[in-house]
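Undergrad: The structure's right below; bear with me while I get my questions together.
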Amino acid sequence: MRTLCKVLLVFAAVATVLPAGGEARRRRPARTDEKAFDGIERIEIKVVTGRCVVTKSGGDKVTVRVESRYDDPDAVEIRIDRDDDVLEIEEEFHDSSDGYCEIYVTVPDGIEIDFNSASGGMSIEGVTGEFAASTASGGYRIEECAGRFRLSTASGDYRIEKCTGRFRLSTASGDVDAIDCRGDFDMSTASGDVDAIDCRGDFELSTASGNVDARGIVIEGDSEFSTASGKATVVLASSPDHDISVGSASGDAILDFDGNEVKGYVEMTAKKRGGRIKCPFDFDDEETFRRGGNRDTYVRKTVTIKSERPVVTIGTASGAAVLKK
């Protein structure tokens with residue numbers, strides 16, 4: 001009996017020291033490689049399982065730190081090569097191995113970065129530059145940055161906060177969030193939501209089966225907010241001087257001036273059967289017309305309020321087209 005107890009105690013002690021299989025994989029030892037470079041203008045990163053973190057350097061140098069964790073470290077090589085003013089970072093698999101890598105890059109302003117990953121995401125903080133990236137399942141987080149952003153993902157999410165620039169962001173099944181940003185926004189998703197909060201600029205926000213929600217918005221260029229089967233809601237922080245269009249096929253399309261002056265040529269449309277038009281102003285004109293392959297009948301109502309510009313368009317098929325003061 002005493003022998004059995006001793007055996008059980010040994011097994012218990014071993015169990016507390018050795019983690020379970022999944023935990024052991026997470027705690028696999030890291031291999032670190034760090035280098036610094038002068039005169040780099042462009043960085044190209046190609047990885048399969050890696051993610052990338054970009055921050056601003058204190059000087060003109062570019063520094064790269066790669067932390068890799070693989071079951072078989074000899075099966076994977078992280079190459080860091082320089083070709084004139086271009087820095088190339090690539091993850092190469094010579095054999096199969098579970099694991100991943102994390103790439104930490106510090107850069108000066110004015111850098112160009114091109115990032116490609118199958119399952120990794122990207123984070124950028126405090127940098128001015130030009131960024132292009134593509135990933136299958138990774139997401140993006142960008143804070144206090146400026147420049148041009150051309151980013152895409154299949155199933156990842158975006159969070160863009162306190163940034164300035166030109167944003168071309170797309171995802172198939174993820175969400176897009178822009179908060180306290182200014183610039184030229186072209187943000188789209190197939191089945192996710194697109195949100196812009198306290199932003200200013202010109203907007204093209206669209207989704208197929210999700211919602212578009214823009215609140216506290218200042219319109220600085222002709223803008224369009226659209227969804228196919230969700231709701232499109234726009235709440236303005238000031239009266240727009242540029243054209244604005246809010247539309248949904250089967251959901252509600254709502255434009256809320258939130259107490260700001262309402263002016264412009266307003267056109268509102270909805271299906272005659274199943275659609276609704278709600279407006280606090282009397283219309284100047286009303287007509288019916290046919291649209292679509294099955295020639296559905298729509299109602300179009302228009303009114304000019306104080307000025308013929310901007311042109312304000314609010315439309316839906318089977319939902320409600322709404323203008324709020």
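The values are calculated or read from the model by the stated rules, or taken from the named source; none is laboratory data. Note that the coordinates shown come from a computational prediction; the quantities given were computed from them, not determined experimentally. Ideal geometry is used to build each Cβ from the backbone, glycine not excepted, and the neighbour counts take in all protein chains shown. Side chains are part of the model used for accessible areas, which takes the heavy atoms of the whole protein and leaves out ligands, DNA and RNA. Shrake-Rupley method; radii C 1.70, N 1.55, O 1.52, S 1.80 Å.
Undergrad: Of the numbered conditions (1) open to solvent by less than 10 Å² (accessible area, probe 1.4 Å); (2) within 17 Å of ARG51 (Cα to Cα), VAL127 fails exactly one; give the number of that condition.
TA: Every condition holds for VAL127 apart from (2).
Undergrad: What's the total number of residues in segment 218-236 that are open to solvent by 50 Å² or more (accessible area, probe 1.4 Å) and either modelled with pLDDT of 95 or more or closer than 19 Å to LYS325 by Cα (or both)?
TA: Of the residues in segment 218-236, 4 are open to solvent by 50 Å² or more (accessible area, probe 1.4 Å) and either modelled with pLDDT of 95 or more or closer than 19 Å to LYS325 by Cα (or both).
Undergrad: Could you go through segment 115-127 and let me know if any residue there is aliphatic (A, V, I, L, M) and at pLDDT below 95.
TA: Yes.
Undergrad: Still on this model: Among the residues of segment 152-168, write down those that are within 18 Å of THR128 (Cβ to Cβ) and under 11 Å from the mean Cα position of the chain (by Cα).
TA: Passing the criteria: ILE160, GLU161, PHE167, ARG168.
Undergrad: Mind listing just one residue for me: the one in segment 70-86 that is out of contact with any Lys or Arg (no Cβ under 7 Å at 6 or more places or on another chain) and touching a residue at least 40 places away in the same chain (Cβ under 8 Å) and, of those, farthest from ALA30 (Cα to Cα)?
TA: ARG82
Undergrad: Based on this model, can you work out whether GLU67 counts as modelled with pLDDT under 95, more than 26 Å from GLY129 (Cβ to Cβ) and in a strand (DSSP E or B)? Can you show your working first?
TA: On the way: modelled with pLDDT under 95: yes; more than 26 Å from GLY129 (Cβ to Cβ): no; in a strand (DSSP E or B): yes.
Criteria not met by GLU67.
Undergrad: Another one. Looking at ARG79, is it at pLDDT below 95, over 22 Å from GLU144 (Cα atoms) and open to solvent by less than 40 Å² (accessible area, probe 1.4 Å)?
TA: On the way: at pLDDT below 95: yes; over 22 Å from GLU144 (Cα atoms): yes; open to solvent by less than 40 Å² (accessible area, probe 1.4 Å): no.
Answer is no for this residue.
Undergrad: Condition check: closer than 30 Å to ARG200 by Cβ, at pLDDT 95 or above, of a type in the set (S, T, N, Q) and open to solvent by less than 10 Å² (accessible area, probe 1.4 Å). Does THR302 satisfy that? Even if it seems obvious, please write down each step before you answer.
TA: On the way: closer than 30 Å to ARG200 by Cβ: yes; at pLDDT 95 or above: yes; of a type in the set (S, T, N, Q): yes; open to solvent by less than 10 Å² (accessible area, probe 1.4 Å): no.
In short, no.
Undergrad: Report yes if some residue within segment 177-184 is in contact (Cβ under 8 Å) with a residue 40 or more places away in the chain, outside any strand (DSSP E or B) and open to solvent by 10 Å² or more (accessible area, probe 1.4 Å); otherwise report no.
TA: Scanning segment 177-184, I find no residue that is in contact (Cβ under 8 Å) with a residue 40 or more places away in the chain, outside any strand (DSSP E or B) and open to solvent by 10 Å² or more (accessible area, probe 1.4 Å), so the answer is no.
Undergrad: Within segment 296-311, does at least one residue satisfy the condition of being free of Cβ contacts under 8 Å to residues at least 12 places away in the same chain and of a type in the set (D, E, K, R)?
TA: no
Rundown of residues vs (1) in contact (Cβ under 8 Å) with a residue 60 or more places away in the chain; (2) within 21 Å of ALA178 (Cβ to Cβ), yes/no style:
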| position | (1), (2) |
| --- | --- |
| SER226 | no, yes |
| ALA232 | no, yes |
| ASP241 | yes, no |
| LEU255 | yes, yes |
| GLY264 | no, no |
| GLU287 | no, no |
| THR316 | yes, no |
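Undergrad: Just the residues that are within 22 Å of SER226 (Cα to Cα) and surrounded by fewer than 16 Cβ atoms within 10 Å (Cβ to Cβ), please, taken from segment 261-293. Please lay out each step first, then the result.
TA: Going residue by residue through segment 261-293, those that are within 22 Å of SER226 (Cα to Cα) are 262-279, 289-293.
Hits for segment 261-293 are LYS272, ARG273, GLY274, ARG276, LYS278, PHE289, ARG290, ARG291, GLY292, GLY293.
Undergrad: State yes or no: is PHE257 under 21 Å from GLY165 (Cα atoms), among the aromatic types (Phe, Trp, Tyr), surrounded by 15 or more Cβ atoms within 10 Å (Cβ to Cβ) and at pLDDT 95 or above?
TA: So PHE257 does not fit the description; no.
Undergrad: Within segment 225-268, work out how many residues are in a loop (DSSP other than H, G, I, E, B) and not aromatic (Phe, Trp, Tyr).
TA: If we filter segment 225-268 for residues that are in a loop (DSSP other than H, G, I, E, B), which is where we start, we get 228-231, 237-243, 249-252, 257-263.
Now narrow it down to the ones that are not aromatic (Phe, Trp, Tyr): 228-231, 237-243, 249-252, 258-263.
Residues that pass the stated criteria total 21.
Undergrad: Looking only at segment 187-207, count how many residues are under 22 Å from GLY121 (Cβ atoms), open to solvent by 50 Å² or more (accessible area, probe 1.4 Å) and without any contact (Cβ under 8 Å) to a residue 24 or more places away in the chain.
TA: 2
Undergrad: Which of (1) closer than 19 Å to ILE160 by Cα; (2) touching a Ser or Thr at 6+ places or on another chain (Cβ under 7 Å); (3) surrounded by fewer than 19 Cβ atoms within 10 Å (Cβ to Cβ) does GLY210 not meet, given it meets every other one?
TA: In the conditions (1) closer than 19 Å to ILE160 by Cα; (2) touching a Ser or Thr at 6+ places or on another chain (Cβ under 7 Å); (3) surrounded by fewer than 19 Cβ atoms within 10 Å (Cβ to Cβ), GLY210 misses (3) alone.
Undergrad: Does PHE289 satisfy being in a loop (DSSP other than H, G, I, E, B) and aromatic (Phe, Trp, Tyr)? Before the answer, list the steps.
TA: Numbers: in a loop (DSSP other than H, G, I, E, B): no; aromatic (Phe, Trp, Tyr): yes.
The answer is no for PHE289.
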